[in-house]
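Read through the structure below, which is laid out as structure tokens, and then see the notes.
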Amino acid sequence: MGEQRKSENELIPALRFEGFTDPWEQRKLGELMLFQNGFNGGRESFGSGLPLISVMDVLSESFITYESIRGKALVSSAERERYLVEYGDVLFQRSSENQEDAGTSNVYIDQGRPVIFGGFVIRGKRIADYDPFAMKYLLTSRLVRMQITSCAQGAQHINVSQDTLQNVEVFLPALAEQSRIGALFAKLDSLITLHQRKYEKLKTVKQSLLEKMFPKEGEDVPELRFEGFTDPWEQRKLIDLVERRNRYSDNPELPRVEYEDIVSGMGALNKDVSKKQDDRGGIAFEADDVLYGKLRPYLRNWLNPQFKGIALGDFWVLNPTNIDSKFLFALIRTSAFERVANESTGTKMPRADWQNVSNTALAIPGSKEEQSRIGALFQKLDSLITLHQRELDILKNLKQALLEKMFV
């Protein structure tokens, strides 16, 4: 880490809040905080003792708070004083398994609640004024991370030293600007966390409904169904419900779909395939067909496209002839269907066995209306999950772009 100072023009970020024009100040972390390795004494998961900040707490995407700390340790009064963590102190991961994660950091943001820090953590005790929220994000910026990781050393474990950290150069604006920056990124992280929770909750709800809205093995009615439907479900072979398409096409006007275009386990595309430049040939599919990735079926490459196209690679293209299309798409994602599909042939490149899968009896409702209601429900859930995933991606990309533009 060189001593050469940047010019005044270089000490101004590409993007900043209105009203701030002064150049940023170049400092070393050693001027802002004192570094110390963590407590190595006895530790317990529950019971008496002080909350102990561990590496897992440091690696959390959220700020470290009193409530978020998972471990506890028994310490003497002298040890408590020596290893105490206060508001605004920075905690660094001391040892990691790869260079990229070396020196990952986080900030403690609770006031007046004593905690200590563990042996695989380095504490940076605050000795100068800085906004703790801005500091967290400053330490994740590209130039700072490059300085930390380039000096990390080790074979099996990559270690960061106190000397390395105190010589890391950072660029800071006045406290008022730091505060605005820290608040902005904290708000972005709150939004990201909110959408992440909604996304995870919807996925959990969907998985639970897949278990409850299809009969368990040996039963002919599901645990949960729409009001007004009471008839037992029928056992039908897949081969009697679908036609497997095998028509080859290399029509240049049709979009191509391959495994890499599908979000595994989600049944959604990760890009606009109509914009792909591809002239390869494959199996032609129609809107509302179901594409099932038969190669390594545990990868869960499924799709229920609403457009015509060409399937490239190891897909079954299923045309629903005696079953509702959306219901079929839900059916292939149930645990009952997956068990059969994963009774695959081959070892290195296992493929689902069509003879086995197509001749296995599966429970389906005799009422097309009930099929349609179930299929529409899961289609709606898929849409909501995809929406939250896209919003998450937008927020994460926005945060990354701002990290590049709002720090020197």
In percent, what relative contact order does the range 160-238 have, based on Cα pairs under 8 Å that are 6 or more apart in sequence?
-> 12 percent
Excluding exposed DSSP-loop GluC sites (Glu not before Pro) (at most 14 other C-beta within 10 Å), longest clean stretch of the chain = 98-216
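Can you sort Ile394, Ile332 by solvent-accessible area, 1.4 Å probe, largest first?
On the way: Ile394 115, Ile332 0 Å².
Heavy-atom accessible area, descending, gives Ile394, Ile332.
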Under the definition of Cα pairs under 8 Å and six or more residues apart, what whole-number percent is the relative contact order of the range 282-408?
-> 22 percent
Relative contact order, percent, the chain [alpha-carbon distance under 8 Å, six or more residues apart] | 16 percent
Got a sec to turn the phi values of the range 324-332 into Karplus ³J(HN,Hα) couplings, 6.51 cos²θ - 1.76 cosθ + 1.60 with θ = phi - 60°, whole Hz, x for Gly and Pro?
-> 5, 4, 5, 5, 4, 5, 6, 4, 5
For a label point 7 Å from the Cα of Gln277 along Cα→C-beta, name the residues of the range 233-255 whose backbone N is under 20 Å from it.
-> 250-255
Listed here are the pairs Lys125/Lys405; Lys136/Lys206; Lys237/Lys368; Lys198/Lys275; Lys212/Lys380; which of them are more than 26 Å apart at the Cα?
-> Lys125/Lys405; Lys136/Lys206; Lys198/Lys275
Length gained when the stretch Arg142-Thr230 is fully extended (0.36 nm per residue, less Cα-Cα span) = 25.7 nm
Would you kindly find the accessible area of Arg244, with a 1.4 Å probe and non-protein molecules such as ligands, DNA and RNA excluded, rounding to the nearest 10 Å²?
-> 80 Å²
Where Lys and Arg each count +1 and Asp and Glu each count -1, what net charge lies around Gly88 among other residues with Cβ under 12 Å from its Cβ?
-> -1
Sorted by chain and then number, the residues having a modelled amide H within less than 5 Å of the amide H of Gly71, at least 5 places away or on another chain, are Leu52, Ser54
Quick one: helix 368-405 against the long Cα principal axis of the chain, what's the angle to the nearest 10°, folded into 0 to 90?
-> 30 degrees
Which angle between 0 and 90 degrees, to the nearest 10, do you get for helix 142-151 versus the longest principal axis of the chain when only C-alpha atoms count?
-> 80 degrees
Using 1/(1 + (r/R0)^6) with R0 = 41 angstrom and r between the beta carbons of Ser383 and Glu81, what's the FRET efficiency to the nearest 0.05?
-> 0.15
Computed over the chain, the distribution of all Cα-Cα distances in 10 Å bins, rounded to whole %, is 4, 18, 20, 17, 16, 16, 8, 1
What angle, in degrees between 0 and 90 and rounded to the nearest 10, separates the Cα long axis of helix 175-212 from the longest principal axis of the Cα atoms of the chain?
-> 30 degrees
The summed charge of the Met135 Cβ neighbourhood (under 15 Å; Lys/Arg +1, Asp/Glu -1) stands at -1
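The values are calculated or read from the model by the stated rules, or taken from the named source; none is laboratory data. Everything quoted here is computed from the prediction, not taken from an experiment. No Cβ is skipped: glycine too gets one built from the backbone with ideal geometry, and neighbour counts run over all protein chains shown. The area values use the complete protein model at the heavy-atom level, side chains included, leaving out ligands, DNA and RNA. Shrake-Rupley method; radii C 1.70, N 1.55, O 1.52, S 1.80 Å.
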